[in-house]
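Trainee: Let me give you the structure first, and then I'll get to my questions.
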Amino acid sequence: MSDRLIIRNGIVLTMNDANDVHFGGTVVLDGDRIEAVLPAGESVEANGAREIDAETKIVMPGLIDLHYHTALGKGWSDHLPLWEYLQTCWYPMIRALDPESAYWAALASYAESIRCGVTTINDMYRQLDALAKAAEEIGIRAVLSNDVATDEHDLDTLADNAQAFENNNGSANGRIQVLVGIEWLPLASEELLRDARALANELGTGIHIHLNESLGEVEISMKMFGRRPTEVAYDNGILGPDCIAAHCVWLSDKELALMRETGTQISHNPSSNAKLGNGIARLPEMLAAGINVGLGHDAAECNNSRDMFEVMKYASLIHRASRVDASLQPAPDVVRQATRNGAAALGHETGQLIPGHKADVILVETNSTMFTPLMPGSVDHVFSHLVFAANGSCVDTTIVDGRVLMEGRKILSVDEDRVIREANRAFQEVESRMVVPELAEV
Ligand SMILES: [Zn+2]
């Protein structure tokens, strides 16, 4: 059987440098790569390839969720502010995590993402062998990193992360990668940060870290290190083009300049920041400084949805509201952040539909009230609906590495009913093992 898949007659959003949109266009996939992207009128012979008629659908790059945690227990203790939540819920839960629970939680998390058109996740969590197994089976493109902290916090170590790299980096046709993950500054030391950079350089990989997420984090950093989080990260070599810094809500002007100087990638996670009461990132200043910014949902525990359409809407509305400026974050810019900016942050050949790139493609159904009215041939209308009107349920088909993972909203790669059952059981088992400590003062 041919490895080619021809998607005909769609509204093709290439997200390429020229921002080409082809109404009635064709996208040809060959194995794990995009073979051709053609405007209306340029046909291609089937020659035994499978064909999809995308007449009422938008064909676009899959979404990149640039800051992600597999989540086991969403909707649990979610009234708490960040520090209390981490101490009494998140850390106890991930300390009680075993490989089997992590595997089912990852499958449930990844399935929800695939349902919402996400083709790549940048997942910081524990039990990476189990996550890699889940990613391999369900078919999502997964960049994994550990939750590394200093030893007394009883989370992961750099040795765990090095072992996870050894076991999994480059597996599943290169779909699975491993970065060095640093939880955040309050659970780190300067020595740990320097060692993390040394390990990343030795392995030839990048770093994933939370930075400047909350005012509390900044205060703790001032107390522990006498400097703000991004200053400490800079001084210890963490920042750079291979570093993805999540949140960056409370950046000083000096810290913004350090991000710019080092070419650090930022994941903007506005709905998580809002839910946890952490504030609103200085996105307009980041963009004005030329920093590459992608989007992330963070974790279903602090969101509580993995729907990147929802994140896209937040990423526009929250800045318009807080700056009293409706010109901020126009829809095409937001879609760029959720596709090619995220891909650029990870150094991936995804996020654009161009020949030679990886075949990570989604089909969005426009034959719905969500997309009505839709002016024929209007690029602006398409982008507007994607960001402001749609939610993840508009995604009909999700393709990663040329493999169709969901079609007609049915997940094809795993038994979703079983995943839901087992993820529920895993949550109850882990919850029963959780040891919740007294809230620690720093
Ligand atoms: Zn996070």
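Trainee: Looking at region 99-146 only, could you name the residues that are closer than 14 Å to GLY181 by Cα, out of contact with any Asp or Glu (no Cβ under 7 Å at 6 or more places or on another chain) and open to solvent by 10 Å² or more (accessible area, probe 1.4 Å)?
Mentor: GLN127
Trainee: Can you tell me which residue in region 48-107 is farthest from VAL334 (Cα to Cα), limited to those that are of a type in the set (Asp, Glu) and modelled with pLDDT under 95?
Mentor: My answer is GLU84.
Trainee: Yes or no: SER432 more than 30 Å from PRO284 (Cβ to Cβ), of a type in the set (S, T, N, Q) and over 17 Å from the mean Cα position of the chain (by Cα)?
Mentor: Yes.
Trainee: When the residues of region 56-88 are filtered to those that are touching a strand residue (DSSP E or B) at 6+ places or on another chain (Cβ under 7 Å) and more than 16 Å from the ligand (Cβ to nearest atom), which remaining residue is most open to solvent (accessible area, probe 1.4 Å)?
Mentor: The residue in question is THR56.
Trainee: Next question. Quick check: is even one residue across region 147-161 in contact (Cβ under 8 Å) with a residue 60 or more places away in the chain and either within 15 Å of the ligand (Cβ to nearest atom) or buried (at least 24 other Cβ atoms within 10 Å of the Cβ) (or both)?
Mentor: Yes.
Trainee: Moving on to the next point. For region 176-193, give me the residue count where each residue is farther than 30 Å from ILE220 by Cα and either open to solvent by 20 Å² or more (accessible area, probe 1.4 Å) or over 16 Å from the mean Cα position of the chain (by Cα) (or both).
Mentor: Final tally of qualifying residues: 1.
Trainee: I need the helices (runs of 4 or more DSSP H) fully contained in region 247-302, keeping only those with at least 3 residues that are under 15 Å from the mean Cα position of the chain (by Cα).
Mentor: So the answer is 270-275.
Trainee: Which pairs turn up if I take residues in region 255-277 that are within 16 Å of the ligand (Cβ to nearest atom) and look for partners that are open to solvent by 10 Å² or more (accessible area, probe 1.4 Å) and β-branched (Val, Ile, Thr) with beta carbon separation below 6 Å, at least 6 apart in sequence or on another chain?
Mentor: ILE266/ILE291; PRO270/ILE318
The values are calculated or read from the model by the stated rules, or taken from the named source; none is laboratory data. Nothing here was measured: the structure is a model prediction, and the numbers come from that model. Virtual Cβ from ideal backbone geometry, glycine too; neighbours counted across all protein chains shown. Heads up: the accessible areas ignore ligands, DNA and RNA and are worked out on the full protein's heavy atoms, side chains in. Shrake-Rupley method; radii C 1.70, N 1.55, O 1.52, S 1.80 Å.
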